[in-house]
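Only one structure is covered here, and it is reproduced in the block below.
The values are calculated or read from the model by the stated rules, or taken from the named source; none is laboratory data. What you see is a predicted model, and the numbers here were worked out from it, not measured in a lab. Neighbour counts are summed over all protein chains in view; Cβ atoms, including those assigned to glycine, are modelled from backbone coordinates with ideal geometry.
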Amino acid sequence: MIPKWPRLFWNVFSVMSTDRRHNKWQIVYSVFLMVSSVYSFYSTPRLVCTLEGSCDNSLSTVIKGLFARVVAFTCFMSRLLVMVKGKTLLVRYSANLEKFHAFSPMTRAETVALGRLSSMLVLGCLLLTLPVNTFKLALIYIKSRYVVIDFGLMYVQNISMFCIETHFSVLCFALYQKFVAINRDLTALKIDTVARNKYPFASRTGYEYRRKTNGDGAAVADYNRDILQSLRAGRPMADFAERLKIKHRLVREAVRNLNDLFGFHLGLSLCSLCLYAIFDLYYHLLGLWNIQYQTLVYGWLLQYTARFGSVTILAHLLTKQALKSKVLLTDINNRYLDCNTKEELQLFFNQICSSAIEFTACDFFTLNTHLITSAIVAGTSYLIILLQFDGTSEEDN
């Protein structure tokens, strides 16, 4: 389903794997990250004083220390919770997908799309972090070689957060594909129902209305030929509705597993990304960076944007596809159908309405495209406040 090298990448650097061969390494790696996070949190004042050459209490110095401590705190909390929850929730997620594949195995097109996305995300993670951070470490080594290890640990902690985000994005995309497949089947049922209502005397074989309605027939063939052939053979539509209801329930449970596993991490990660962007823009606008650092700020901002956008957009697309099923069910149920089919469709609709199909950060905020605009507005407001506060401090001095 996923190519070997991206899967190996996540087995090593992401969460507890269902493959137990990698779990011992995951425990060692997670303990290392948590210990290094504690060390980085308490060594931040020494780190800032060494780089600044003095230990004044200016706003820029405070922000530099705050940046390092935010990275350490988010990495520690995220790794701790993911290590504890990953043992059970990732197994439940995989079990729900296996039950779904028992009904509908993945097509070749879905496997190729998932493989391409996973490869792109891993390559993007490496390209957006390693070159920029390596160049920054080289500059720090020239200035003060004694703090290179501290900065190296901070970048490892930051990259570990990015690795977990890419893992979430791929698992989220896999569920998105499942909802797309379910909606494709529902669309085929809808087109078939419209055609049967339009030509009721040819509803048993389906051949006549398919011949007379080239547009509808072509659309059915484009969506799912198996459903059309089964309906023409006389299989009850209620069986298809019940099967789709079970498949939708399995994917909803997988969404719940994924949200329980990554919800806290995503909340910490998205909030910290906003803070990182504000801090870097603050230094850039005030001209506090050296000339070499000013070129790096664009790479960091690109990294933060890619991480924030990939998580929120994929989560939004999945939620949109999941809720699209409600619209399709309503359209189908408004047609003339037998009582068993209507009952199954109504049960299907009620189950979707009673379930919260969305990704949230511990129920504090929902991951969707509106979050991007909200983050931009909030970040701009806080950045202006910081700039004004810095200008007021300079006038007082």
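Looking at the range 34-73, which of the residues that are of a type in the set (A, V, I, L, M) and more than 27 Å from residue 13 (Cβ to Cβ) is modelled with the lowest pLDDT?
Ranking the candidates gives 59 first.
Quick check on my filter: what residues within the range 307-335 are in contact with a helix residue (DSSP H, G or I) (Cβ under 6 Å, 6 or more places away or on another chain), β-branched (Val, Ile, Thr) and under 17 Å from residue 185 (Cα atoms)?
Hit for the range 307-335 is 332, nothing else.
Identify the residue in the range 96-110 that is surrounded by 15 or more Cβ atoms within 10 Å (Cβ to Cβ) and out of contact with any Leu (no Cβ under 7 Å at 6 or more places or on another chain) and, among all such residues, is farthest from residue 239 (Cα to Cα).
Result: 110.
With the requirement that a residue be surrounded by 14 or more Cβ atoms within 10 Å (Cβ to Cβ) and either closer than 18 Å to residue 184 by Cα or of a type outside the set (A, V, I, L, M, F, W, C) (or both), what does the range 336-350 give you?
340, 341, 342, 343, 344, 345, 348, 349
Within the range 187-203, is even one residue closer than 25 Å to residue 253 by Cα, at pLDDT 60 or above and within 30 Å of the chain's Cα centre (by Cα)?
yes
Let me spell it out: the conditions are (1) touching a Cys at 6+ places or on another chain (Cβ under 8 Å); (2) surrounded by fewer than 17 Cβ atoms within 10 Å (Cβ to Cβ), and residue 143 meets all of them except one. Which number is the exception?
(1)
Inspect the range 218-234 for any residue being of a type in the set (D, E, K, R), modelled with pLDDT of 50 or more and loosely packed, with under 14 Cβ neighbours inside 10 Å and give the result as yes or no.
Yes, that holds for at least one residue.
So which of 367, 317 ends up being modelled with pLDDT of 85 or more, within 14 Å of the chain's Cα centre (by Cα) and either of a type outside the set (A, V, I, L, M) or within 15 Å of residue 269 (Cβ to Cβ) (or both)?
367
In the set 182, 159, which member is surrounded by fewer than 20 Cβ atoms within 10 Å (Cβ to Cβ) and under 23 Å from the mean Cα position of the chain (by Cα)?
It is 159.
Are there any pairs, at least 6 apart or on different chains, whose C-beta atoms fall under 7 Å, with the first in the range 144-161 and within 20 Å of residue 123 (Cα to Cα) and the second of a type in the set (Phe, Trp, Tyr) and assigned to a helix (DSSP H, G or I), and if so, which?
Listed pairs, sorted by first residue: 160/13.
Being in contact with a Ser or Thr (Cβ under 7 Å, 6 or more places away or on another chain), assigned to a helix (DSSP H, G or I) and at negative phi: is that true of residue 77 here?
no
What residue, among those in the range 14-33 that are within 21 Å of residue 68 (Cβ to Cβ) and crowded, with 19+ Cβ neighbours inside 10 Å, is modelled with the lowest pLDDT?
30
What pairs come up if the first residue lies in the range 79-107 and is free of Cβ contacts under 8 Å to residues at least 40 places away in the same chain and among the acidic types (Asp, Glu), the second is surrounded by 15 or more Cβ atoms within 10 Å (Cβ to Cβ) and not in a helix (DSSP H, G or I), and their beta carbons are under 9 Å apart, counting only those six or more places apart or on different chains?
none
Check residue 381 against each of (1) in a helix (DSSP H, G or I); (2) touching a helix residue (DSSP H, G or I) at 6+ places or on another chain (Cβ under 9 Å) and name the one condition it does not meet.
(2)
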